[in-house]
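K.L.:
One structure, as structure tokens, below. Some questions next.
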Amino acid sequence: TGGHLLRLEPLGPDFTEALIGLLLGGSASEELKRLVVDRTAGNPFFVEETVRALRDSGLLTETSGRWELSGRGDASIPPTIEGVISARIDLLPRSAADTLLTASVIGRTVRVPLLNAVLNGGGPVEAALDELVDRGFLDRPQTTELTDSLVFHHALVQEVAYARLLRRQKRRVHERVAAEAEILDRAGDDVIDLLARHLYLANAGARAAHYLVRAGRRSARLFANGEAILHFERAAEIARAQPEASDLLGPILLHLGRLHELVGNYPDALRMYDEARTETHDVAAWRGMASSLRSQGHYEDALKVVEEGFGAVADDEARAHLWLERAWTLAVEGQPAMTIEAALSGIEVSREGDPVAGYLLAQLAQAEIMSGAREDALEHAVRATAVFE
């Protein structure tokens, strides 16, 4: 709010030529400038990578501070930025290339101790990292909070490096990264997301599902609802496919339903709650469906779901939750007399002091205010306050 839209246009020829000079530390010949300008269309990152590719390939020579093409640069440099990055990786020494590919599995930010552990440590790793920094694949972060980390110069560099790994290699490295991170950080709360991601990509089955559930709960506590949904969706995918994780599916679906409902994705919430009904007899599935329908103004459908729940749930404590959904829906629909009837029925089967009893008393008090029974409303509101306190 109150911000300004900045449209980032491509660099013009003059600015592209100036960037080439900065990258080379000297002036460039007309032929070299024309090649880079034509190839990159003013994309600064493409300019950067093309100049580096020409230099890495030995196609540039410098004489008295002036750089010139010494070969067929137009034929040697790939036409796309992905191709240029890939070609530059091909020119790296084996140790540096292997280090870069492994780092790409860890993520955009690479913790050096973790990378060392995955690569079994040693001097060559440090030398390889220095080379990757010198060649512009990795950067040393400016912030003091990341002193033990390196960062990929651009997300596309990480993506191209990661794409060069075979699927089985990716799985093996993801599994290795998770194992070493677990040792280094003792599966602390701050690395749960990392472990969940790597175990999922390593196809680690039930173990991955357990970490994804932990990561989803952590994200939900931090109100990072989009991340929480992603974690739980991945966990559900595993639980549906892996028999050893199938017992997790019902609770996962309920978590997903609540998160989708929270962010207003009511169709997805209904789908999750509906699937949860077939996986578990938890009354939360019927409550979630009724709540999602009520939030969309579908009061009759919400009441039908509550009735279905009464037919499926026999336990009094669970039925108290359904009476609350019925009372809530009737109250929103503007039917105070029926709300009072539903709330009293729910209070009758609820446990004294249980939170659901407090909510039923609060609904009852609201309906009684609408009906003019203010003394009864005050009594029930006081009882509800006692429950919540």
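K.L.:
Have a look at Gly226, His210, His174 and report the one farthest towards the positive end of the charge dipole of the stretch 168-237, computed about the Cα centre with Cβ charges (Lys/Arg +1, Asp/Glu -1).
P.N.:
Going by the charge dipole, the pick is His174.
K.L.:
Here is a follow-up. Quick check on the chain: helices-only [θ] at 222 nm, where DSSP H runs of length 4 and up contribute -39,500 (n - 2.57) each and the sum goes over total residues. Nearest 500, please.
P.N.:
Computed ellipticity for the chain at 222 nm equals -22000 deg cm²/dmol.
K.L.:
Here is a follow-up. Report, to the nearest 10°, how far helix 167-185 tilts away from the longest principal axis of the Cα atoms in the chain, using its own Cα long axis and a range of 0 to 90°.
P.N.:
The angle comes out at about 70 degrees.
K.L.:
Please work out the Cα center distance from the stretch 224-272 to the stretch 19-84, rounded to the nearest Å.
P.N.:
49 Å
K.L.:
Working from Cα positions, state the angle (0 to 90°, nearest 10) between the long axis of helix 225-241 and the longest principal axis of the chain.
P.N.:
Helix 225-241 sits roughly 80 degrees off the main axis of the chain.
K.L.:
If the viscosity is 1.306 mPa s and the temperature 10 °C, what translational diffusion coefficient in µm²/s does Stokes-Einstein give for the stretch 107-237 when Rh comes from Kirkwood over Cα pairs?
P.N.:
The calculation lands on 101 µm²/s.
K.L.:
When the Karplus curve 6.51 cos²θ - 1.76 cosθ + 1.60 is applied with θ = phi - 60°, which whole-Hz ³J(HN,Hα) does each residue of the stretch 36-49 get, with x for Gly and Pro?
P.N.:
Along the stretch 36-49, the couplings run 5, 4, 5, 6, 9, 6, x, 6, x, 5, 5, 4, 4, 5 Hz.
K.L.:
Evaluate the relative contact order of the stretch 1-110 (contact order divided by residue number), counting alpha-carbon pairs under 8 angstrom at least 6 apart; express in whole percent.
P.N.:
Taking the mean separation of contacting Cα pairs over the length of the stretch 1-110, I get 22 percent.
K.L.:
Any idea what angle helix 206-221 forms with the longest principal axis of the chain, computed on alpha-carbon atoms, 0 to 90 degrees, nearest 10?
P.N.:
Taking the Cα atoms of the chain, the angle to 206-221 is about 80 degrees.
K.L.:
When DSSP beta bridges are limited to those with both residues in the chain, what percentage is antiparallel, rounded to the nearest 5?
P.N.:
80 percent
K.L.:
May I pose another question? Quick one: order Tyr359, Tyr266 from most to least accessible surface, probe 1.4 Å.
P.N.:
Values: Tyr359 115, Tyr266 60 Å².
Heavy-atom accessible area, descending, gives Tyr359, Tyr266.
K.L.:
What order do Thr143, Thr280, Thr63 take when sorted by accessible area (1.4 Å probe), most exposed first?
P.N.:
Thr63, Thr143, Thr280
K.L.:
Also, quick follow-up: log10 I(q)/I(0), Debye, Cα-only the stretch 205-342, no solvent, q = 0.14 Å⁻¹?
P.N.:
Summing over Cα pairs of the stretch 205-342 leads to -0.65.
K.L.:
Could you tell me, in Å, what Rg and Dmax come out for the Cα atoms of the chain?
P.N.:
When restricted to the Cα atoms of the chain, Rg and Dmax are 30.5, 97 Å.
K.L.:
Oh, and also: So for the chain, averaging the separation of alpha carbon pairs under 8 Å that are six or more residues apart and normalising by length, what relative contact order in percent results? Each step should come with its number before you reach the end.
P.N.:
Values: 509 pairs, mean separation 25.1, N = 389.
After rounding, I find 6 percent.
K.L.:
For the stretch 29-129, what's the radius of gyration and Dmax over Cα atoms, in angstrom?
P.N.:
In order Rg, Dmax, the Cα atoms of the stretch 29-129 give 16.3, 48 Å.
K.L.:
How much net charge surrounds Val112 when only the other residues with a Cβ under 11 Å from the Cβ of Val112 are counted, with Lys and Arg +1 and Asp and Glu -1?
P.N.:
Summing Lys and Arg as +1 and Asp and Glu as -1 gives 0.
K.L.:
Evaluate the relative contact order of the stretch 283-389 (contact order divided by residue number), counting alpha-carbon pairs under 8 angstrom at least 6 apart; express in whole percent.
P.N.:
Reported as a whole number, the value is 21 percent.
The values are calculated or read from the model by the stated rules, or taken from the named source; none is laboratory data. Since the structure is predicted, the reported quantities are computational estimates derived from the model, not experimental observations. Ideal geometry is used to build each Cβ from the backbone, glycine not excepted, and the neighbour counts take in all protein chains shown. Heavy atoms of the whole protein, side chains included, go into the accessibility calculation; ligands, DNA and RNA do not. Shrake-Rupley method; radii C 1.70, N 1.55, O 1.52, S 1.80 Å.
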